[in-house]
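These notes concern the structure reproduced below.
The values are calculated or read from the model by the stated rules, or taken from the named source; none is laboratory data. This structure is a prediction, so every number in the text was calculated from the model and none was measured. Don't worry about glycine lacking a Cβ; one is built from the backbone with ideal geometry, like all the others, and counts go over all protein chains shown.
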Amino acid sequence: MSPPARVDDWPPMTDGAWDETHRLILATYAATTDSYFAALVGNQEDIALLQELAAATNSRLRTQRDLSGLAIGSDELVFNIDYAHIINGSFCYPGQGGRFHDRTRGAWYAALEIETCLAEVIHHRSTHLAETGWPPDVVDYQDYICALAGRNFADLRTSDARTEPLLDPDNYQRSQELALSLLGQGAIGVVYPAVRRSGGTNVACFRPAVVAPVHEGRRYRVEWTGSEPPTVTPF
């Protein structure tokens, strides 16, 4: 079934050009799998064996072979550029879905401000900790900085009643439906007001090729000690 067409040319489309956007990822994901394997074993034969075992279950590696069953193929992934594994991973590990992606295909989410990016990851981690009894926790995040530019970003920053359900704090059904429609009609992403930080702006990119070049920024340590807001320490 084809995705529904845009109605009355809504949402409006815009050309995006942002010199610096931020995406925070758990620092444990920053290293390549090869560096993990090298720390575990001491010879190339064992590393090769571990690589083969990882390829059998690694969603990113399986997608590179068109074996993952996701709604994204190897022809859309990026290769031979810095942090390709980070870029591709965001599309190959959709999890339970997010605001503008479902379980079949991930997206690259970034914020125009690092403060907005921190607010997003803190919200989601805090929700998880609250559901599990709020144990103390310390998490390091790596900031990935990227300039984003391209045509056909859906722009939800204008005031419109139709935007409200797309920015629901908890229910992503309508926004996921819109994302599927936009993807099918050639849009490359969505720019929208941040839900977790007033005045912030987020961008969701639908296609890996839009996300380059990427470089590392600072790391941030977020520490939860109880019911108080967590502390954030850049390092």
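Got a sec? Which of G69, G95 is assigned to a loop (DSSP other than H, G, I, E, B), among the small types (G, A, S) and within 27 Å of T231 (Cβ to Cβ)?
Just one listed residue meets the conditions, G95.
Would you pick out the residues in segment 125-148 that are polar (S, T, N, Q), within 18 Å of S90 (Cβ to Cβ) and assigned to a helix (DSSP H, G or I)?
None; the set is empty.
Of (1) surrounded by fewer than 20 Cβ atoms within 10 Å (Cβ to Cβ); (2) touching a residue at least 12 places away in the same chain (Cβ under 8 Å); (3) not charged (D, E, K, R), G199 satisfies all except one. Which?
Of everything listed in (1) surrounded by fewer than 20 Cβ atoms within 10 Å (Cβ to Cβ); (2) touching a residue at least 12 places away in the same chain (Cβ under 8 Å); (3) not charged (D, E, K, R), G199 misses just condition (2).
Assuming E228 fulfils every condition listed in (1) surrounded by 15 or more Cβ atoms within 10 Å (Cβ to Cβ); (2) out of contact with any Cys (no Cβ under 6 Å at 6 or more places or on another chain) apart from one, which condition is it?
All conditions are met except number (1).
One line per residue, one yes/no per condition, for (1) crowded, with 19+ Cβ neighbours inside 10 Å; (2) at pLDDT 95 or above; (3) assigned to a loop (DSSP other than H, G, I, E, B); (4) in contact with a Ser or Thr (Cβ under 7 Å, 6 or more places away or on another chain):
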{"position": "G42", "(1), (2), (3), (4)": "no, no, yes, no"}
{"position": "A48", "(1), (2), (3), (4)": "no, no, no, no"}
{"position": "A56", "(1), (2), (3), (4)": "no, no, no, no"}
{"position": "D75", "(1), (2), (3), (4)": "no, yes, no, no"}
{"position": "N80", "(1), (2), (3), (4)": "no, yes, yes, no"}
{"position": "F91", "(1), (2), (3), (4)": "yes, yes, no, no"}
{"position": "C117", "(1), (2), (3), (4)": "yes, yes, no, no"}
{"position": "E120", "(1), (2), (3), (4)": "yes, yes, no, no"}
{"position": "H123", "(1), (2), (3), (4)": "no, yes, no, no"}
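Give segment 125-150 a look and list any residue that's surrounded by fewer than 18 Cβ atoms within 10 Å (Cβ to Cβ) and either small (G, A, S) or in contact with a Gly (Cβ under 8 Å, 6 or more places away or on another chain) (or both), or say none.
Scanning segment 125-150 gives S126, A130, G133, W134, P136, I145, A147, A149, G150.
Yes or no: segment 185-192 includes at least one residue that is over 30 Å from N80 (Cβ atoms) and at pLDDT 95 or above.
The answer is yes, given that some residue of segment 185-192 is over 30 Å from N80 (Cβ atoms) and at pLDDT 95 or above.
Scan segment 203-219 and give yes if some residue there is in contact with a Leu (Cβ under 7 Å, 6 or more places away or on another chain), over 27 Å from D75 (Cα atoms) and not in a loop (DSSP other than H, G, I, E, B), otherwise no.
No, the conditions are met nowhere in segment 203-219.
In contact with a Pro (Cβ under 7 Å, 6 or more places away or on another chain) and small (G, A, S), is that true of S181?
So S181 passes the test.
Out of the residues in segment 151-163 that are aliphatic (A, V, I, L, M) and more than 18 Å from the chain's Cα centre (by Cα), state the one that is surrounded by the most Cβ atoms within 10 Å (Cβ to Cβ).
Among them, the one singled out is L156.
Specify which of the listed residues (L166, L182) is touching a residue at least 12 places away in the same chain (Cβ under 8 Å), farther than 26 Å from A84 by Cβ, outside any strand (DSSP E or B) and more than 17 Å from the chain's Cα centre (by Cα).
L166
Out of all the residues in segment 131-180, which are in contact with a Ser or Thr (Cβ under 9 Å, 6 or more places away or on another chain) and either at positive phi or small (G, A, S) (or both)?
Those that are in contact with a Ser or Thr (Cβ under 9 Å, 6 or more places away or on another chain) and either at positive phi or small (G, A, S) (or both): W134, A147, N152, A154.
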